[in-house]
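Novice: Pasting a structure here, questions to come.
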Amino acid sequence: MRKTIMVLALISQLLTGKAQKTDYSKYPVYTGNDLGLTYSHRQSLFRIWAPTAQEVQLIFYTEGSGGENTRAYRMVKGDNGSWVIKVVGDLKKMFYVFRVRIKDQWQNEVPDPYAKAVGVNGKRAMVVDLKDTNPAGWEKDKSPGLKDATDAIIYELHVRDASIAQNSGIKNKGKFLGLTEKGTKNDAGLSTGLDHLKELGVTHVHLLPCFDFNSVDETKPAAKYNWGYDPLNYNVPEGSYSTNPYDGVTRIKEFKQLIQTFHANGLSVIMDMVYNHTALTENSNFNQLVPGYYYRHTKDGKFSNATACGNETASERPMMQKFMLESVLYWVKEYHVDGFRFDLMGVHDIETMNLISKELHKIKPGILLYGEGWTAGSSPFPDSLRALKANAYKLDRIAVFSDDIRDGIKGSVFKHADKGFASGKPGMEESIKFGVVASCKHPQVDYTKVNYSKAPYAASPGNTITYCECHDNHVLWDKLAISAYDATEEERVDMQKLALSIVLTSQGIPFLHAGTEFLRSKKGVENSFESPDSINAIDWNLKTKNKEIFDYVKELIGLRKEHPAFRMINTRQIADNIRFLPDMPEGIIAYTIDGASMKDQWKNILIIFNGRNYSQRISWPDFSWTPFIKNIRYPSVIPPINEIWVTPYSCGIYFQ
């Protein structure tokens, strides 16, 4: 009775036009695990959460778009704000939506927020038997696994970019299936697509959004491009990447085929998830069913906008937290996904993120979790409680991107002409050293000189994603062309190699953007989220043109995988085993790693970076080092015997 009175009070408040001032903490919380569709051949159970609704309808269609509805049912009130109905018979391949009446007005028809399958453009959910979506041998699919987070080497890739170019040699261009093809080659016969990923040696492929997003018309998928950071249906694969977006089964099966193929070839799959906002606001699936609840609001009752996308979700509210948790669990259990990247993770509360990590690690101990430790605007939820970079040490087995090393290497992403260490900017040494130790505490880092963070924020190197570029802003090659416009192309090639050397030899979890290994360009476009294929498509012939850079990056990846000294797992190892050489000239960073303590086959390791466009002389009393990558030359005369010269824009790796 008390719950009924509470719900009636909420309805009354909505009817009086005071929805913006609603105390959402008083909404009932549904704790069952059957929200959405529970299907069987004999009957289907439908349950949604809509505590302020006066009436709820379940409506069926025979098509995913267009046409008249075939039947409608009035749902009945269930526990804790839920509405439920059981429909007898086999409903497979039927499409359905919900419609609720609030304040005596019927809202728009929307699919179930928990929908697992949808029709074209995601406007209607679809009844499927998930067993029908499994490719042959799916029950034997097994992830490669991950012992420690720092063993991962991540490669960020957009599904369409990977195959859409004619010179990709891939038949299923722009599709999930394109990345399952083997033996594909560019015009010169070099490997592309899946074979390229295997040849390069990365461990994890981070796919830009593959859930159902709003911006691309699935009936004309070639007409418009988008990265996909505009969520529509969180628990369904994107239809434009499937060979048949009209059939809810096809997109699911083909995405599973991609994951299955990657696993069979030693590659783990990371999904880029965007729980921080929805593509639609007032008209979103969430808001049509429970107005206001799933979003944060400003003091004047408007939607808050820390995402700069029109809204921000309220992960701290029980039902949004429940949705996020159940969503990631579903992707892991049903699709065998190996990790998640959380877009604008700084919007989410720490408690929710740690709960997600705890529950995911229970079912997949080697899962990899990371996200952006910032927002795109201010949030009404307190900074101290959100998953911001400064709070990374509070996160349980979740990493954050380090913008300190990113901009330390190449310059500010917000100032196009700004240079970084790799392109000759003075004063970046401490920011690079901060990145070398993966944002952890180290006695030789002067934190007052680090570009952004003035204190270590990582509890362990596994807390830090070490990178210098991603899909956002300019790709590295274009950034160097803009900021180091007065340098020769040969010098910029050396800058790119130096930048990637820093990423792949530093502690933490290294992250590469697709194509950087052969100087990918987006023709100067900064944020290509809706640019055409002519800008975004990976030009696989660049691999031929820049084969030497590809081979160099491949060699560094192999080095990292072979040597545990580059993959430390706690702060004590970093503090004890990394020693920066003192009294280096400006633009030089040199440090040693005690390989013996890390049980590395190399007893001692020496790394030298030169971020200047000229050779520099440094003192080094011991010449008994074997070069792996050489960037020094000895004096032309014998005395003084303790001096060497370091070549411009270079990385050297030596061992004993």
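The values are calculated or read from the model by the stated rules, or taken from the named source; none is laboratory data. In this text the structure is predicted, and so the values were computed from the model without any measurement. Cβ placement follows ideal geometry from the backbone for every residue including glycine, while neighbour counts extend to all protein chains displayed.
Novice: Enumerate the pairs (first residue in region 379-390 and closer than 17 Å to PHE303 by Cβ; second residue anywhere and aliphatic (A, V, I, L, M)) with beta-carbon separation below 7 Å, excluding pairs fewer than 6 apart on the same chain, so at least 6 apart or on different chains.
Specialist: If the second residue must be aliphatic (A, V, I, L, M), the pairs left are SER379/ALA306; SER379/VAL347.
Novice: Would you confirm whether any residue within region 250-268 is farther than 20 Å from ALA136 by Cα and over 16 Å from the mean Cα position of the chain (by Cα)?
Specialist: Step one: list which residues in region 250-268 are farther than 20 Å from ALA136 by Cα, which gives none.
No, region 250-268 has no match at all.
Novice: What is the one condition in (1) out of contact with any Leu (no Cβ under 7 Å at 6 or more places or on another chain); (2) within 30 Å of GLY377 (Cβ to Cβ) that ASP272 does not satisfy?
Specialist: Single failed check for ASP272: (1).
Novice: Taking region 192-220 on its own, how many of its residues are closer than 30 Å to GLU555 by Cβ and either in a strand (DSSP E or B) or at pLDDT below 95 (or both)?
Specialist: Here is the first cut: in region 192-220, the residues closer than 30 Å to GLU555 by Cβ are 192-208.
With the extra rule that they be either in a strand (DSSP E or B) or at pLDDT below 95 (or both), the set shrinks to 204-207.
Going through region 192-220 one residue at a time, the tally reaches 4.
Novice: Are any residues in region 487-509 among the aliphatic types (A, V, I, L, M) and in contact with a Ser or Thr (Cβ under 9 Å, 6 or more places away or on another chain), and if so, which ones?
Specialist: Going residue by residue through region 487-509, those that are among the aliphatic types (A, V, I, L, M) are 487, 493, 495, 498-500, 502-504, 509.
Matches in region 487-509: ALA487, MET495, LEU498, ALA499, LEU500, ILE502, VAL503, LEU504, ILE509.
Novice: Kindly indicate which of THR278, THR313 is out of contact with any His (no Cβ under 9 Å at 6 or more places or on another chain), modelled with pLDDT of 95 or more, of a type in the set (Ser, Thr, Tyr) and closer than 29 Å to ALA399 by Cβ.
Specialist: Working: THR313 fails: out of contact with any His (no Cβ under 9 Å at 6 or more places or on another chain).
Going through THR278, THR313 in turn, just one is out of contact with any His (no Cβ under 9 Å at 6 or more places or on another chain), modelled with pLDDT of 95 or more, of a type in the set (Ser, Thr, Tyr) and closer than 29 Å to ALA399 by Cβ: THR278.
Novice: Still on this structure, please answer the following. Given the residues ARG579, ARG633, ARG572, ARG612, which is the only one that is over 29 Å from the mean Cα position of the chain (by Cα), surrounded by fewer than 14 Cβ atoms within 10 Å (Cβ to Cβ) and basic (Lys, Arg)?
Specialist: On the way: ARG579 fails: surrounded by fewer than 14 Cβ atoms within 10 Å (Cβ to Cβ); ARG572 fails: over 29 Å from the mean Cα position of the chain (by Cα); ARG612 fails: surrounded by fewer than 14 Cβ atoms within 10 Å (Cβ to Cβ).
Within the list ARG579, ARG633, ARG572, ARG612, the selection yields ARG633.
Novice: Identify all residues within region 500-513 that are under 13 Å from the mean Cα position of the chain (by Cα), farther than 18 Å from GLY558 by Cβ and buried (at least 24 other Cβ atoms within 10 Å of the Cβ); write none if there are none.
Specialist: none
Novice: Under 9 Å between Cβ atoms, at least 6 apart or on separate chains: pull out the pairs that start in region 476-494 with a residue that is within 22 Å of PHE511 (Cβ to Cβ) and end on any residue that is surrounded by fewer than 17 Cβ atoms within 10 Å (Cβ to Cβ) and among the basic types (Lys, Arg).
Specialist: Within 9 Å, the pairs are ASP478/LYS523; SER483/LYS415.
Novice: Of these, ASP418, ASP407, ASP446, which one is under 17 Å from ILE502 (Cα atoms) and among the charged types (D, E, K, R)? First the steps, then the outcome.
Specialist: Details: ASP418 fails: under 17 Å from ILE502 (Cα atoms); ASP446 fails: under 17 Å from ILE502 (Cα atoms).
Residue meeting the stated conditions: ASP407.
Novice: Only one residue in ASN214, ASN244 is free of Cβ contacts under 8 Å to residues at least 12 places away in the same chain, surrounded by fewer than 23 Cβ atoms within 10 Å (Cβ to Cβ) and over 18 Å from the mean Cα position of the chain (by Cα), so which one is that?
Specialist: On the way: ASN214 fails: free of Cβ contacts under 8 Å to residues at least 12 places away in the same chain.
So the residue among ASN214, ASN244 that is free of Cβ contacts under 8 Å to residues at least 12 places away in the same chain, surrounded by fewer than 23 Cβ atoms within 10 Å (Cβ to Cβ) and over 18 Å from the mean Cα position of the chain (by Cα) is ASN244.
Novice: Another question, if that's okay. Restricting to region 155-174, count the residues that are buried (at least 24 other Cβ atoms within 10 Å of the Cβ), of a type outside the set (Gly, Ala, Ser) and out of contact with any Leu (no Cβ under 7 Å at 6 or more places or on another chain).
Specialist: 3
Novice: Can you go through ILE398, ILE405, ILE409 and tell me which one is touching a Leu at 6+ places or on another chain (Cβ under 6 Å) and surrounded by 24 or more Cβ atoms within 10 Å (Cβ to Cβ)? Steps first, answer last, please.
Specialist: On the way: ILE405 fails: touching a Leu at 6+ places or on another chain (Cβ under 6 Å); ILE409 fails: touching a Leu at 6+ places or on another chain (Cβ under 6 Å).
The unique qualifying residue is ILE398.
Novice: Looking only at residues that are in contact with a helix residue (DSSP H, G or I) (Cβ under 8 Å, 6 or more places away or on another chain), in a loop (DSSP other than H, G, I, E, B) and of a type in the set (S, T, N, Q) in region 48-86, which one is nearest to ASN244 (Cα to Cα)? Walk me through it before giving the result.
Specialist: Just the residues of region 48-86 that are in contact with a helix residue (DSSP H, G or I) (Cβ under 8 Å, 6 or more places away or on another chain), to begin with: 48-54, 64-65, 80-81.
Within this subset, residues satisfying the condition of being in a loop (DSSP other than H, G, I, E, B) are 50-54, 64-65.
In the following step, the residues that additionally are of a type in the set (S, T, N, Q) were identified as 52, 54, 65.
Working: THR52: 37, GLN54: 38, SER65: 14 Å.
My answer is SER65.
Novice: Output the residues belonging to region 303-342 that are assigned to a loop (DSSP other than H, G, I, E, B), touching a residue at least 40 places away in the same chain (Cβ under 8 Å) and of a type outside the set (Val, Ile, Thr).
Specialist: At the first step, the residues of region 303-342 found to be assigned to a loop (DSSP other than H, G, I, E, B) are 304-312, 314-317, 336-338.
If we keep only those that are touching a residue at least 40 places away in the same chain (Cβ under 8 Å) too, we end up with 304-309, 312, 314-317, 336-338.
The answer is SER304, ASN305, ALA306, ALA308, CYS309, GLU312, ALA314, SER315, GLU316, ARG317, HIS336, ASP338.
Novice: If a residue has to be over 22 Å from the mean Cα position of the chain (by Cα), within 17 Å of LYS410 (Cα to Cα) and aliphatic (A, V, I, L, M) to count, how many in region 453-491 make the cut?
Specialist: So the answer is 5.
Novice: Restricting to region 413-427, count the residues that are closer than 21 Å to PRO456 by Cα and surrounded by fewer than 20 Cβ atoms within 10 Å (Cβ to Cβ).
Specialist: Filtering region 413-427 down to residues closer than 21 Å to PRO456 by Cα leaves 420-421, 427.
Next cut, surrounded by fewer than 20 Cβ atoms within 10 Å (Cβ to Cβ) only: 427.
Result for region 413-427: 1.
Novice: For region 176-195, give me the residue count where each residue is over 19 Å from LYS543 (Cβ atoms) and under 19 Å from the mean Cα position of the chain (by Cα). Reasoning before the result, please.
Specialist: Here is the first cut: in region 176-195, the ones over 19 Å from LYS543 (Cβ atoms) are 176-177, 180.
So of that shortlist, the ones also under 19 Å from the mean Cα position of the chain (by Cα) come out as 176.
Total meeting the criteria: 1.
Novice: Considering only strands (runs of 3 or more DSSP E) fully contained in region 548-656, which possess at least 1 residues that are farther than 23 Å from VAL437 by Cα? Even if it seems obvious, please write down each step before you answer.
Specialist: Working: elements: 578-580, 588-594, 604-610, 616-619, 626-629, 643-646, 650-655.
Ranges flagged: 616-619, 626-629, 643-646.
Novice: Quick one: ALA149 ticks every box in (1) in contact with an Asp or Glu (Cβ under 8 Å, 6 or more places away or on another chain); (2) crowded, with 23+ Cβ neighbours inside 10 Å except a single one, so which number is it?
Specialist: (1)
Novice: Considering each of LEU559, LEU519 in turn, give the residue that is among the hydrophobic types (A, V, I, L, M, F, W, C) and within 19 Å of SER191 (Cα to Cα). First the steps, then the outcome.
Specialist: Details: LEU559 fails: within 19 Å of SER191 (Cα to Cα).
Unique residue meeting the criteria: LEU519.
Novice: Taking into account only those residues within region 94-111 that are in contact with a strand residue (DSSP E or B) (Cβ under 7 Å, 6 or more places away or on another chain) and in a loop (DSSP other than H, G, I, E, B), which is farthest from GLY81 (Cα to Cα)?
Specialist: That would be MET94.
Novice: Against the conditions (1) over 17 Å from LEU197 (Cβ atoms); (2) of a type outside the set (Asp, Glu); (3) part of a helix (DSSP H, G or I); (4) touching a Leu at 6+ places or on another chain (Cβ under 7 Å), where does TYR114 fall short? Just the number, please.
Specialist: (3)
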